[in-house]
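Below is one structure, written out as structure tokens, with a few remarks after it.
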Amino acid sequence: MEAERLIEAGRRALAGSRGAPAVMAEAWQAQALARTIGGRLARCGPAEVRAEARELGEIGGPGTMAIDHPVVPAGEVRASLLTEVADARAALTALGCLLGEVGIALVGIACDTEDGLYWQCIEAIDAVDESVDRVHGMLRRLAELPPDHGFEAAHAHEQDREDGPCREREQGHERAGPGETLRGRAESWPVTS
């Protein structure tokens, strides 16, 4: 499923969640989606955002809200449905909105909960804030690209092809940036910024 559709599903689920466990589950889902999108952009996104995308992919991992978090069954991880990030700017903008809404919901839960859940909320809020900072940093970098940079044109062209940038990675290739492809196994190439 495309990133923007998954983000919208997350926003709807968050809006419909009632009670602390449901909000915490949606906060976990949003953070998992942010990590997944960050990982995808670090591998096959614009070179200008790869460093921050890599950092986004590492935020809130197994030290804070781990994969076996009791309120999110492992088979229901929305981020596992991600197949592509068709438009990096649009996806990051939508992700920033989702994370902002998650932060507000977590503050509400933290203000009205017992001590144990309070500290989980605080850790989750910290992870969300850090994720929002990375998302805004990537959006700033994309906004700084000159109009003739060609990211949109190259990206649109790749989306029309059957073997877009993430398919190239699956076949052992990785894009170095807009319009470039590095040959060889993707795992053997360092991610550059």
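The values are calculated or read from the model by the stated rules, or taken from the named source; none is laboratory data. Everything quoted here is computed from the prediction, not taken from an experiment. Counting neighbours? That spans all protein chains shown, and the Cβs are built from the backbone with ideal geometry, glycine included. Calculation scope for accessible area: heavy atoms of the full protein, side chains included, ligands and nucleic acids excluded. Shrake-Rupley method; radii C 1.70, N 1.55, O 1.52, S 1.80 Å.
Name the pairs: first residue in region 82-104 and more than 8 Å from Ala3 (Cβ to Cβ), second residue open to solvent by less than 20 Å² (accessible area, probe 1.4 Å) and outside any helix (DSSP H, G or I), Cβ to Cβ under 8 Å, at least 6 apart or on different chains?
Once the first residue is more than 8 Å from Ala3 (Cβ to Cβ) and sits in region 82-104, its partners that are open to solvent by less than 20 Å² (accessible area, probe 1.4 Å) and outside any helix (DSSP H, G or I) give Ala88/Gly45; Ala88/Pro46.
Just wondering, is there one or more residues in region 1-8 that are in contact with a helix residue (DSSP H, G or I) (Cβ under 6 Å, 6 or more places away or on another chain), at pLDDT below 95 and over 13 Å from Leu98 (Cβ atoms)?
Taking every residue of region 1-8 in turn, at least one turns out to be in contact with a helix residue (DSSP H, G or I) (Cβ under 6 Å, 6 or more places away or on another chain), at pLDDT below 95 and over 13 Å from Leu98 (Cβ atoms).
Out of Ala34, Ala51, report the one residue that is assigned to a helix (DSSP H, G or I) and at pLDDT below 95.
Numbers: Ala34 fails: at pLDDT below 95.
Exactly one of Ala34, Ala51 is assigned to a helix (DSSP H, G or I) and at pLDDT below 95, namely Ala51.
What residue, among those in region 54-72 that are among the β-branched types (Val, Ile, Thr) and open to solvent by 20 Å² or more (accessible area, probe 1.4 Å), is modelled with the lowest pLDDT?
Taking region 54-72 first, the residues among the β-branched types (Val, Ile, Thr) are 59, 64, 67, 71-72.
Next, only the ones that are open to solvent by 20 Å² or more (accessible area, probe 1.4 Å) stay: 64, 67, 71.
Details: Thr64: 46, Ile67: 37, Val71: 56.
Among residues in region 54-72 that are among the β-branched types (Val, Ile, Thr) and open to solvent by 20 Å² or more (accessible area, probe 1.4 Å), the one modelled with the lowest pLDDT is Ile67.
How about region 73-188: which helices (runs of 4 or more DSSP H) wholly inside it have at least 1 residues that are at pLDDT 90 or above and either open to solvent by less than 50 Å² (accessible area, probe 1.4 Å) or on the phi < 0 side of the Ramachandran plot (or both)? Walk me through how you get there before you give the answer.
On the way: elements: 88-111, 115-144, 151-160, 165-170.
Hits in region 73-188: 88-111, 115-144.
Please determine, by comparing only the residues of region 1-31 that are free of Cβ contacts under 8 Å to residues at least 12 places away in the same chain and part of a loop (DSSP other than H, G, I, E, B), which one is most open to solvent (accessible area, probe 1.4 Å).
Step by step, filter region 1-31, then rank; the result is Arg18.
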